[in-house]
Every structure is written in structure tokens, then in C-alpha cells.
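Q: Submitted below is the structure of interest, expressed as C-alpha cells.
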Amino acid sequence: MGSKQERGSIRGTILVLDDEENMLKILSKVLTMEGFHVTTFGEPSAALEFLRQTPTDVVLSDIRMPEMTGREFLVKLRESGLPCEIIMMTAHGTIEGAIDCVKQGAYDYITKPFKTEELLVTLGNALEHKRLKDVNTALSDAWNRKPAEFGGVEPERRLFGDSPAMNRVRELIERVAPSQSPVLITGESGTGKELAARAIHAYSTRGKGRFVAINCASIPETLIESELFGHERGAFTGATDTKIGLVELADGGTLFLDEIGELPLAMQAKLLRVLQERELTRVGGLATISVDIRIVSATNRKLAKCIEEKTFREDLYYRLNVIAIEMPALRERREDIPVLAEHFLRTRGAKHGRPDMTFSENALDALAGMSWHGNVRELENVVERMIVLAETDVITTDLLPDEAVQLRRSSTSSERVTRLGLSAQAMIEEVPDFRSARDSFEREYLEALLRAQNGNVTEAARHAGMSRRNLYDKIEKLGIDLTLIKGDAGREG
Ligand SMILES: Nc1ncnc2c1ncn2[C@@H]1O[C@H](COP(=O)(O)OP(=O)(O)OP(=O)(O)O)[C@@H](O)[C@H]1O
Ligand SMILES: [Mg+2]
């Protein structure tokens, strides 16, 4: 944007586009007298060229022009991503076209012939709107510039974690976000698929547009078509008004199709058409409506298997899966667990009015050793529960879920027995001798501990309160395979 100093006391920069010379002359004179900086053009292509080079606040454009219509000009202008506002000038009886332009992103329209006052009011509003947008852009740019953090929007919406696996995901997101290609995000439940989709949107050129999320699994099959594509008034019983569908709503932004594997086959065909033709028809409607959307979809299903079972269209799959992002399971990146746990402790703690909570070192270690089949979402829930239950500001091991407690020495002997698969009944019928029960416990305990430390023996020994030498002896005696554990730490809990 042109700096405010350059403009001095100018009220704003205006570009007027009209094929009538006279109109250009009059508007130029009037607006200059009112304190605006005015540039005039008779040809849309020349105006576009100028706008690309010169920061401009508002464009006043005629609708009927020989070279290209005002609407085509508007679409090109919006596509270019330039931040200027545009007001359409329409002659007698072409209001319909003007309204359509507003739908396409024009700020407003004004009917010829108009009074100067009328024009000034509309222009003033457009300038104010533009100013607010500029402030917003500056704010979100400031967010994006924050190093080491990611996500563009609120801290709640950032992807935390610094493991190599997470860094790869982040790099991929940053790399593909600016393109318009569809992205398919896969991964287990709770791994952050939706968060990744939001990050792609925030980092794309569509970041200021809408992010419309649809959960394909949660909309009843009978409603899904009208939810997605909208309907015309009277299309079916109960359709008392025309309704814009979610796909149309996402125009200019990103459409997030969550649980895409659950989309009924008939809808898959309709979605394919949107992807191919970039247009849709509302239920009960005849008109074809163009949409400009970027599709990001997500699934925790194996779509290849769905294709085999003929519940998912192969052609749609290839359309959606242009860029593939796989969210790693939490147990495949255990080093992220402390970072994420601390993050949730801060955010959830603040939510519950307990902003000063901390974890004891043991508690953090134990969390890192758990299996986390519910991934980040499970961790988030576990941390929140502990915040609510904690009586002091320190979260200690006694607040941890059973699974983690079992890994700690603080567990009671009866829990250990149960954990070893020895029910009271079994104890009566088939009691293992003390030594093998102890060996079995020691092996399980040490393996879990070593896994939590990524196979680092020194760290594990420190946590167990034993010497390194002693731990090595145990490892050898119990036949624990360290190479397997190190491999596991990268793969499995
Ligand atoms: N890397 C991360 N940093 C911070 N929070 C995260 C991260 N990953 C996930 N979360 C949080 O975990 C929760 C689950 O994430 P999200 O809803 O994106 O997962 P999902 O893969 O879409 O899950 P599902 O398959 O169950 O829909 C959310 O509250 C999200 O904010
Ligand atoms: Mg989700």
C-alpha cells in the first residue's frame, strides 16, 4: 500500500474506469476537488496493469464496457488478490448485474446518474472498509512473522511440536499452502488433521476468505445434498427459502471436507463435478453457479480399501489427493509430548483460572511413555482432567491416568499384579514364583522407561534412580533389546 506520508492530506486514491470520456472527465474533476487522488482509464486491461503496480484504495468501474464487462474486470481484480475496494457504476435497468457483482466481491454499486453527495457517501464507506481491512492485514501479518510458531491465527490454532516428523509436516504445509491444488490429509483420529487444514488455509492466498468445514459423517444422508449445494425455494417440502450451500459459501476460500470417506456415492459424483467444472447447481435450481474454492479433505479411513470395496470413487480420489499429507501418530513422535502437554497446561489452565500450573518432572516423563491411541486429542483431554483434579499447582504422578501410573514405582503392588495379567482368580489357581513375577515386572518397567527416553540408557538410569552400570546389567540379564526399543521409539508405543 502507498504510504500515508506520500499521500499527504489526500483522502484516498481512486481509479475510475469507464468507456465514456465525458464521465471520466467529470468524475476526475469532482473527486479531485473533494481531495482524492484520481486516475482515469477507458480500458479495463490498462486499468488492471496500472492497479498491479500502483497501490489504490477504491476503483469506480462501469459495468457495460466494450473490451470486457465490469463483472469480468471485477473477477480478474479479485483473482489478483489486490486489496482495493471496487464500486460498480450501473446505468438504467442493469441493477441485476450490479447485484451479481456485489456477490462476486464488489463493495457496492451506484446507479447512474448519481448526485455527487451520493457518490461521496458510498466512496467514504468503501474507504473506511478498506482501512479496517488494512489494519486487519497488518495484525495478521504480525502474527505470521512470529518465528518458531505456526498457524497464522490464534495460539489455540497453531501446530505445536518440534519433532522431525512434525517439522516435515509443517514444511510441507508451508510449501503447498500457496498453491491452489487439493490436499488430502490422512492420519489417525486426534492427530491434528483439522488443525493442519486450517493452517493450509491461513497460509494460502485465500487466508482472508472463509474456511468452511463440513463433517461428512455428521450430516444425515437426506440433508447432505442441500447442505452442500444449497436449494431453491420450494425445491422440497420445508424449503421455504432459497438457501446457499456450504460449497457456495466457501467461494473465494477453502472448503474442508472432513471424514470424506463417509460421503455417500451420489454426493461423490456431484462433488466431482464441482472439482472438474468449478460450478454447481442448487437443489431444485436450474442456474449454474460458478465457485472458486480450494478443497482440503481429511480421513482416518484407508481410502484405497474403500475404492476396492466400491464405496469410494477412484476418480474422485485422484482429484482430491493431488497433494497428500500424513499426520504422524503421537507415539511416533514422543519428543513432542512434553511440548504439547505444556502447551495444553498453559491454555487449558488459563481457561480454568489456573494459569500457574506446572508438571513434576516425573509426571511429564510418565506422560511421554504412554501409548496415546487417541493421539493429541487424548493428551489434551488428559491434561485438562488433571488440571481440574489437581489440588495444588503442581501436577504430580498421582493425578495421571492408570496407564501412566502403572509405569511408575508409585503404583501399588495390587495394581502391578493386575497389570501383569494376574487376576485374583489366576493368583489362586496358578501363582508364578516370586522371581519370575519380579523379572517380568522389571522387564516391563524398564522397557517402558527406556522407550520413554528413546532408548537413552543414561537418562533412563537417572529417572529410575540407579547407576548406568546397574541398568546395563539389568538390560543384559533380562534380555532387553535396545535396538528394538530405539526403533520402537520412532514407530510404536
Ligand atoms: N500439533 C498440535 N499442536 C497443538 N494442538 C494440537 C496439535 N495437533 C492436534 N491438536 C489439538 O488436538 C485436538 C485434535 O486435533 P484435530 O481435531 O485437528 O484432529 P483430527 O485429526 O481432525 O481428529 P479426528 O480424526 O478425531 O477428527 C484439537 O483440539 C487440536 O487443537
Ligand atoms: Mg477432525
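Q: Considering only residues that are within 10 Å of ligand 2 (Cβ to nearest atom) and surrounded by fewer than 19 Cβ atoms within 10 Å (Cβ to Cβ), look in the stretch 196-216 and name the one that is nearest to the chain's Cα centre (by Cα).
A: 213
Q: Next up: Could you grab me the full set of residues in the stretch 27-42 that are loosely packed, with under 15 Cβ neighbours inside 10 Å and modelled with pLDDT of 90 or more?
A: 29, 30, listed by residue number.
Q: May I ask you to list the residues in the stretch 283-297 that are more than 26 Å from the chain's Cα centre (by Cα) and free of Cβ contacts under 8 Å to residues at least 24 places away in the same chain?
A: The answer is 286, 287, 288.
Q: Here's a follow-up. So the check is Cβ under 9 Å with 6+ separation or different chains; which pairs have a first residue in the stretch 298-325 that's more than 25 Å from residue 180 (Cβ to Cβ) and a second one that's part of a helix (DSSP H, G or I) and within 16 Å of ligand 1 (Cβ to nearest atom)?
A: From the stretch 298-325, the pairs are 300/193; 300/261; 301/260; 301/261; 301/262; 302/261; 306/261; 311/261.
Q: Please note which helices (runs of 4 or more DSSP H) are completely contained in the stretch 8-106 and include at least 2 residues that are closer than 14 Å to residue 119 by Cα.
A: Those helices (runs of 4 or more DSSP H) span 21-33.
Q: Could you tell me which of the residues 273, 348, 319 is within 16 Å of ligand 1 (Cβ to nearest atom) and either within 21 Å of the chain's Cα centre (by Cα) or part of a helix (DSSP H, G or I) (or both)?
A: 348
Q: Restricting to the stretch 279-306, name every residue that is among the aliphatic types (A, V, I, L, M) and surrounded by 16 or more Cβ atoms within 10 Å (Cβ to Cβ).
A: 280, 283, 289, 291, 293, 295, 296, 298, 303
Q: Quick one: residue 283 ticks every box in (1) within 28 Å of residue 178 (Cβ to Cβ); (2) away from ligand 2 (no atom under 16 Å from the Cβ) except a single one, so which number is it?
A: Of (1) within 28 Å of residue 178 (Cβ to Cβ); (2) away from ligand 2 (no atom under 16 Å from the Cβ), only one is false for residue 283: (1).
Q: So which of 261, 253, 238, 234 is small (Gly, Ala, Ser), more than 16 Å from ligand 2 (Cβ to nearest atom) and within 24 Å of the chain's Cα centre (by Cα)?
A: Of 261, 253, 238, 234, the one residue that is small (Gly, Ala, Ser), more than 16 Å from ligand 2 (Cβ to nearest atom) and within 24 Å of the chain's Cα centre (by Cα) is 253.
Q: Here is a follow-up. Test of understanding: among 232, 259, which residue is assigned by TED's automatic domain parsing to the domain that holds residue 167 and either at pLDDT 90 or above or under 18 Å from residue 317 (Cα atoms) (or both)?
A: 259
Q: Out of 77, 119, 60, report the one residue that is outside the structural domain of residue 208 (by TED's automatic domain parsing) and more than 17 Å from residue 24 (Cβ to Cβ).
A: 77
Q: Oh, and also: Residues that are within 14 Å of ligand 1 (Cβ to nearest atom) and without any contact (Cβ under 8 Å) to a residue 60 or more places away in the chain, at least 1 per element: which helices (runs of 4 or more DSSP H) completely within the stretch 159-251 meet that?
A: Here the list reads 164-176, 193-203.
Q: Next question. State all residues of the stretch 246-305 that are acidic (Asp, Glu) and in contact with a Lys or Arg (Cβ under 9 Å, 6 or more places away or on another chain); if no residue qualifies, say none.
A: Correct list: 248, 251, 258, 259, 262, 279, 292.
Q: Then there's this: Taking the options 299, 281, name whichever one is within 16 Å of ligand 1 (Cβ to nearest atom) and β-branched (Val, Ile, Thr).
A: Testing whether each residue is within 16 Å of ligand 1 (Cβ to nearest atom) and β-branched (Val, Ile, Thr) leaves just 299.
The values are calculated or read from the model by the stated rules, or taken from the named source; none is laboratory data. Computed from a predicted structure; not experimentally measured. Reconstructed Cβ throughout: ideal geometry from the backbone, glycine too, with neighbour counts over all protein chains shown.
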